[in-house]
Amino acid sequence: MNDDSSLVRKALKGDRKAFEMIILRYQQPLVNYLGRMTGDREAALDFAQDIFLKAYSSLASYRTTFKFSTWLFKIAANHMIDHWRKKKISAVSLDQPYDDDEGSPRIQVEDREVSVARKYELAEVRARIEKALERVPEALRELFVLRHVNEFSYEEIAEIKDLPVGTVKNRVFQAKEMLRRQLEETR
Amino acid sequence: MSCVRPDRMDLYLEGELDAAERREIEDHLAACPSCRRVLEERRVIDLAVAGLPAIAVPPDFARTVLDRLPEEPRPAFGWLASVATAITLLLAGLLGYHLLTGESLAGVLVSVGRSVMGFFGLAVPLLAKVLELGKVFLRLARDFGAALLRGLQTVSSLFRPEILGLILALAFILLFLVVFGVRKIVSLGEKS
């Protein structure tokens, strides 16, 4: 049986092959997340290395009652916060409301005549989304990437980011609205 | 029903709504071309994002990480294991003294306290040496604790819980036999 828990147990006993399997299992989703967050492949690969090293050092603190992927991405999310702090990038504060976290979103859908989707093929939309994503504030982009690129559930994202599920849903929606508007503007 | 809010549309597309909410939205969509168009627009964004190309990871990435790993993962609460081992050893020493001599624990503590005070009063210059020894002792205790933890982990992975329970019970019985056996021998020696 090679589920995450048994791999962690083996790695804790010094089995490096087991930790290698963990790396191979999570390197791609982790690098995808870091790449979308930094917009820089090399930085994403460096960060991914650091995150796996951190995970290895604190492997004994992992509790099998949680999903390993959630635990690993929590380390990754904290790593990104440290990175933004160090670089003094004006990461948008999680306390700063983009709209109103509690109430219903204020995004308007007034221009229903204009359809982004109908005018562009998926491939083109992807290329433009890639660029548009970089312009979405980190705090929103991160939740959006965790949801739509890494396909975590809203509950898992709430656990990774220590946020209420409702706030996560609202911010993912706001990120998508920002993307949609940017796609419309750059048509 | 009025037009579907975009945030509800997203949750609908992601399968996050319950059956009743889904049905309500679907009923509305069947009658509202405008909402159908907006829904399609949002679906394309979801599909495009889900299909974003993966960022290439070099084939030797895992090997590079493995080469940077320390010798072995740090045990959780490593320092706590040292402290716990030191306290356990101290308590075991006091208990052993109590069992062998029959002196009350309070008496043992008082005499230990007096000895310690006397020691500090008389041998302050030796304090530095004592600290040095303490460091060595702690290091040994930590290593002992870590080895003990590793041993316990290995044993626990080798045996089923009921076997483990049996082993522990036998170990306790053996320990008591040894302690009381020693006490008996000491008391026989005193009588003769």
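Listed by position, the helices (runs of 4 or more DSSP H) contained in region A:131-187 that have at least 2 residues being at pLDDT 90 or above, under 13 Å from the mean Cα position of the chain (by Cα) and among the charged types (D, E, K, R) are A:138-148, A:154-161. In the set (1) under 21 Å from A:ASP162 (Cα atoms); (2) in a helix (DSSP H, G or I), the condition left unmet by A:PHE66 is number (2).
Determine, yes or no, whether B:ALA62 is more than 10 Å from chain A (Cβ to nearest Cβ) and modelled with pLDDT of 80 or more. So B:ALA62 fails the test. Of the residues in region A:36-48, none is at pLDDT 95 or above, closer than 17 Å to A:ASN78 by Cα, in a helix (DSSP H, G or I) and among the polar types (S, T, N, Q).
Give the residues of region A:1-16 that are within 9 Å of chain B (Cβ to nearest Cβ) and assigned to a helix (DSSP H, G or I), sorted by residue number. Across region A:1-16, the qualifying residues are A:ARG9, A:ALA11, A:LEU12, A:ARG16.
The set of residues from region A:162-173 being farther than 14 Å from B:ASP46 by Cα and either within 11 Å of chain B (Cβ to nearest Cβ) or touching a residue at least 24 places away in the same chain (Cβ under 8 Å) (or both) comprises A:LEU163, A:VAL165, A:GLY166, A:THR167, A:VAL168, A:LYS169, A:ASN170, A:ARG171. Considering (1) modelled with pLDDT of 75 or more; (2) out of contact with any helix residue (DSSP H, G or I) (no Cβ under 8 Å at 6 or more places or on another chain); (3) not in a helix (DSSP H, G or I), the lone condition that B:GLU71 does not fulfil carries the number (1). Among the residues of region B:56-68, those identified as assigned to a loop (DSSP other than H, G, I, E, B) and either touching a residue at least 24 places away in the same chain (Cβ under 8 Å) or surrounded by fewer than 18 Cβ atoms within 10 Å (Cβ to Cβ) (or both) are B:ALA56, B:PRO58, B:PRO59, B:ASP60.
The values are calculated or read from the model by the stated rules, or taken from the named source; none is laboratory data. Owing to the predicted nature of the structure, the values given are computational and were not obtained by experimental measurement. Cβ sites come from the backbone with ideal geometry, for glycine too, and all protein chains shown count toward neighbours.
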